């Protein structure tokens, strides 16, 4: 079964949220309660992977980083929507391994739900 982009984005968000909660990070809200900017970011991430099916997790993060920079975000020790700060606002190679895993999970969800599980 092939899913709509919005369904893939929702699932990728929820997988990311569950992973973050397993790490003790309860800052992610369920898809229905997530802010518009966060849902839009997930949709852009899905679009990126659908347009670039061989993109690596590093490329996924770099695409996210560019999107955030264009929207005025910067590095900060905590994710803060009002201040537009995020602790993952750094090059992929500088991310801790547990944060890199989110890019693998996101890509895996997109690939599985789009029928590109190769």
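So here's what we get for this one:
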| quantity | calculated |
| --- | --- |
| Helical mean residue ellipticity (222 nm; -39500 (n - 2.57) per DSSP H run of 4+; nearest 500) of the chain | -18500 deg cm²/dmol |
| Highest-MSF residue in the chain out of 45, 24, 108 [GNM, Cα springs under 10 Å] | 24 |
| Between segment 1-36 and segment 52-118, the Cα center-to-center distance that results, in Å | 13 |
| Label-point gap, in nm, between residue 84 and residue 71 - each point 7 angstrom along Cα→Cβ | 1.0 |
| Principal-axis tilt of helix 97-114 within the chain, Cα atoms, nearest 10 degrees | 30 |
| Segment 38-90: radius of gyration over Cα atoms, expressed as a fraction of 2.2 N^0.38 Å | 1.15 |
| Kirkwood Rh, angstrom, the chain [1 / mean 1/r, Cα pairs] | 14.4 |
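No value in this document is a laboratory result; all are computed from the given coordinates. Everything numeric in this text was worked out from a predicted model, so none of it was measured. As a convention, Cβ positions derive from the backbone with ideal geometry for all residues, glycine included, and neighbour counts pool all protein chains shown.
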